[in-house]
Amino acid sequence: MRRDYTPDRHAGRPDVVVIHAKFDLQSQPLSVITSAFNRFFVQILANRNEREYMSRVVSYLQTNLSSSAIVSLCDLLPSMRILFPSVLRRVVSDDDLTAQNEVVADDEFASSSQMSRIRLQILFRKLISALYSGERPLALFFDDLQWADERCMELLSALMERDHLQELDENDDTHCLYVGSFRSNEVNDM
């Protein structure tokens, strides 16, 4: 049985959370990334020893995202619904999600497609920030990137932008590693 979430339980070393996404030729836009995170939450929620960790993740997300953003995140990752029952019971609007990023607020003429992509980037930035800590470093492994769709590559690029990486690095107690692999003989010139 393949495990995407892998805690490293060596004495004296922190538990490392690994989320693995493997692209293939048949994948739908964004499905590989959302499936990887969804599998992670299914596996970690099944582990009773992870309650404290999940409590910290939920607290971070509730502090740093609006109710409508949490609903959007749960729509992307249905396995997270169990973490936010009170939020999901309420009817919320999506208007305040754009306030999460000043760039969005400044761009009055952004299309709905652009807004949707920016929202997705914001949600995953906050999710990644919630998942790692000094006690729980996070490693994100993206395999076979030569088959990643344009939306996934756009999301991954946004996650690795300087401002997001600086945000992750601001706290010395945090550790996040991005790893990507691709087959050079199958990559088209872009």
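Distance between the C-alpha centres of the range 25-51 and the range 129-152: 11 Å, rounded to the whole angstrom. How large is log10 of I(q)/I(0) for the range 48-88 at q = 0.15, 0.20, 0.24, 0.33 Å⁻¹ when the intensity is taken from the Debye formula with one equal scatterer per alpha-carbon? Debye curve over Cα of the range 48-88, log10 I(q)/I(0) at q = 0.15, 0.20, 0.24, 0.33 Å⁻¹: -0.32, -0.57, -0.80, -1.23.
According to the Cα-based calculation, Rg over Rh for the range 12-59 is 1.07, with Rh computed by the Kirkwood formula.
Just so you know, all these numbers are worked out from the coordinates, no wet-lab data involved. Because the structure is predicted, anything quoted here is derived from the model rather than measured.
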